[in-house]
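For reference, the structure discussed in these notes is given below.
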2 protein chains.
Amino acid sequence: MEEVYIFGHQNPDTDSILSSLILEGLEKTLGEYNVKAYRLGKINKETEYVLNYFGIKAPELLEEVKEGQPVMLVDHNGFDQSVKGIEKANIIRVVDHHNVAESFKTNGPLFYLAMPVGCTATILREMFKVSGIKMDKITAGLMLSCIISDTLLFNSPTCTDKDREVAAELAELAEVDINKYGLDMLKAGTDLSSFLPEELINIDSKTYVTNGIKYQVAQVNTASIPDVLKNKTEIENAMKKFMEENNTELFVFLITDIIENNSQVIVLGKQEIAEKAFNVKIEDNTAFLPGVVSRKKQVVPNIDKIING
Amino acid sequence: MEEVYIFGHQNPDTDSILSSLILEGLEKTLGEYNVKAYRLGKINKETEYVLNYFGIKAPELLEEVKEGQPVMLVDHNGFDQSVKGIEKANIIRVVDHHNVAESFKTNGPLFYLAMPVGCTATILREMFKVSGIKMDKITAGLMLSCIISDTLLFNSPTCTDKDREVAAELAELAEVDINKYGLDMLKAGTDLSSFLPEELINIDSKTYVTNGIKYQVAQVNTASIPDVLKNKTEIENAMKKFMEENNTELFVFLITDIIENNSQVIVLGKQEIAEKAFNVKIEDNTAFLPGVVSRKKQVVPNIDKIING
């Protein structure tokens, strides 16, 4: 039986990596496909913390897929955020919690399940329930970690009642203290000391194309915004280089304080779009965005609204 | 509570009309939204037969939606096949069994459920099960009718084991004899005597845009292909007029014999695409396609493959 690849988006976050592994487990139990989880990039520190905590190995790196390769996408759909060669792959499943991107399409019918919830794992929890498959302790722990990561421990506006309800249930199954485990995990992700500026802007970075305008939104989590801003000039140089190499017209780099739940933003390129989108004045390429923590709910829709007029 | 519109595709078939009504019923029971089913075009004879059989009223006609209107799409996703104004609507649900079209996208997260099965109603059956909502006799009858219609009584290659399994279960609930009811229903749909040629090509007609090429595939069901071909010249004139008015580059009109499960096709415009797609010689604008009954599985993918090179 041909191997079916499962993977999340480029610059993978915790939800992308772990949801690939969780879906791999579910599909193996269902037995219809010969599946294998992959990752499209480096494991970040937060995900590493979770994998170590539960004693799980990271999936292998996938660089490209060939024409006709059967694949299952988790935590994304847009081709701009997916693997090289995705246009010619055979997409048989999508499990996702984002909007359907302009760049996404399929040649044939498929199984597509999206729900407007905080992370992909919450949807996978529903799929387990519907399939009547019993969940083990580690899978529950991985799912819980995805919810904590994507909702910043329930503080993001993307967090729904469903995520909270599922998280409580999973914490019991996984036998972890949500708040202690959650903070430890998020803090592990804020250790940015080992990253070069060009790596920093790539930890969790996504490409968008709206109405022909190509823009990038990257995000890092921190416990101290000033610590990250110490390297502002170097970060800006890395952003400039990225923009030149990728024909990016606007680059928004969010530095999110996960304790206080605010963001500082560095913006290069078409700054006037960002000024209108966030209703702020950008000075010296930067601005403070009180209460902004979610790229998906508080950044991308606002930018798209301005671009679409 | 703002009214949420539910509708299927333009030139609605039985699955589009009835799935709108079935989802309306499900959502009303769930109670989260104030929903109302609509239709985007004339009710065809087959659907009329079903509505009369079960004593159900057709949904009202919807011509356009305004910006921000919350909507739920069934049985389609492509904007080319949807209501006027869909680009600016707020799409909160899609329940569909087609590929994700090039023209589809959303501005925000949504509930999207697609499965590779024969009709939308089969997916709605799953949604009923997952919700734990008991199904009444009439809903079961409507669902069964969708399956019979879209799979041509299980003869189309789009029909899956799941559709057959669900249909058997629904027939019992609805207390109908699948074969007798199914043939009566399909035959009601083959009564084309009252249609003008320009109506005939619009009974079940869909627009596709692939790689910038806009094409149209229309289909009628009949018990006698020669009967339909009597008006070949008039049909061709109607197709020509449609193509001029809509900048269509290729028009494929399938006349499907639902007894023998073959199709005769009339092709205008870029005939060379159709010749390659079906591996036939088109003479006098027409060709016989043995065993071809499904637009979705046997026509559109083949055309797309040629267009995409």
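The values are calculated or read from the model by the stated rules, or taken from the named source; none is laboratory data. The structure displayed is predicted, hence computed values, not measured ones. Glycine also receives a Cβ, built like all others from the backbone with ideal geometry; neighbour counts cover every protein chain displayed. Surface areas here come from the heavy atoms of the whole protein model, side chains and all, with no ligands, DNA or RNA. Shrake-Rupley method; radii C 1.70, N 1.55, O 1.52, S 1.80 Å.
What the stretch A:3-187 shows is 38 Å² of accessible area per residue, with the surface traced by a 1.4 Å probe over protein heavy atoms. When chain B is treated as a GNM with alpha-carbon contacts under 10 Å, the residue of B:VAL176, B:VAL130, B:VAL299 showing the greatest mean-square fluctuation is B:VAL130.
Between the exposed loop cleavage positions of chain A, defined as trypsin sites (Lys or Arg not before Pro) in a non-H, G, I, E, B DSSP state with at most 12 neighbouring beta-carbon atoms within 10 angstrom, the longest gap is A:135-229. Interface residues of the stretch B:87-103, defined as a loss of at least 50 Å² in heavy-atom accessible area between the chain alone and the complex of all protein chains with a 1.4 Å probe, are B:ASN99, B:VAL100, B:GLU102. Considering only A:GLU63, A:GLU236, A:GLU87, the mean-square fluctuation computed in a Gaussian network model of chain A, springs between alpha carbons under 10 angstrom, is largest for A:GLU63.
Taking only protein heavy atoms and a 1.4 Å probe, the accessible area of the stretch A:159-300 is 47% carbon and sulfur. Under the criterion of Cα pairs below 8 Å and six or more residues apart, the relative contact order for chain B equals 14 percent. Each DSSP beta bridge with both residues in chain A is either parallel or antiparallel, and the antiparallel ones are about 40%. Centroid-to-centroid, using Cα positions, the stretch B:84-155 and the stretch A:120-147 are 25 Å apart. At an R0 of 35 angstrom, the distance between the Cβ atoms of A:SER224 and A:LYS66 translates into a FRET efficiency of 0.20. What separates the Cα centres of the stretch B:1-62 and the stretch A:229-251 is a distance of 51 Å. Counting only the backbone N, which residues of the stretch B:41-74 are under 19 Å from the spot 7 Å out from the Cα of B:ILE133 toward its beta-carbon? Counting backbone N atoms under 19 Å from the label point, the list is B:56-60, B:70-74.
Only helical runs count toward this figure. For the protein assembly as shown, summing -39,500 (n - 2.57) over DSSP H runs of n ≥ 4 and dividing by all residues gives -11500 deg cm²/dmol at 222 nm.
From the cross-link list A:LYS28/A:LYS187; A:LYS88/A:LYS297; A:LYS230/A:LYS296; B:LYS162/B:LYS276; A:LYS270/A:LYS296, which pairs have alpha carbons spaced over 22 Å apart? A:LYS28/A:LYS187; A:LYS88/A:LYS297; A:LYS230/A:LYS296; B:LYS162/B:LYS276, as the Cα separations exceed 22 Å there. Assuming R0 = 41 Å, what is the FRET efficiency of A:ALA168 and B:ILE259, from their Cβ-Cβ distance, to the nearest 0.05? For R0 = 41 Å, the calculated efficiency reads 0.10.
The same position A:LYS214 in the other copies lies at 2.8 nm from this copy, comparing label points 7 Å beyond Cα toward the beta-carbon, shortest first. Comparing B:GLU165, B:GLU199, B:GLU32 in a Gaussian network model of chain B, where Cα atoms under 10 Å apart are tied by springs, the biggest mean-square fluctuation is seen for B:GLU32. Computed over protein heavy atoms with a 1.4 Å probe, the accessible surface of the stretch A:197-307 works out to 44 Å² per residue. First compute the accessible area of the stretch B:1-156 with a 1.4 Å probe, then give the percent of it belonging to carbon and sulfur atoms. With neighbouring chains kept in place, the figure for the stretch B:1-156 is 47 percent. Computed with a 1.4 angstrom probe on protein heavy atoms, the B-A interface buries about 2000 square angstrom of accessible area in total.
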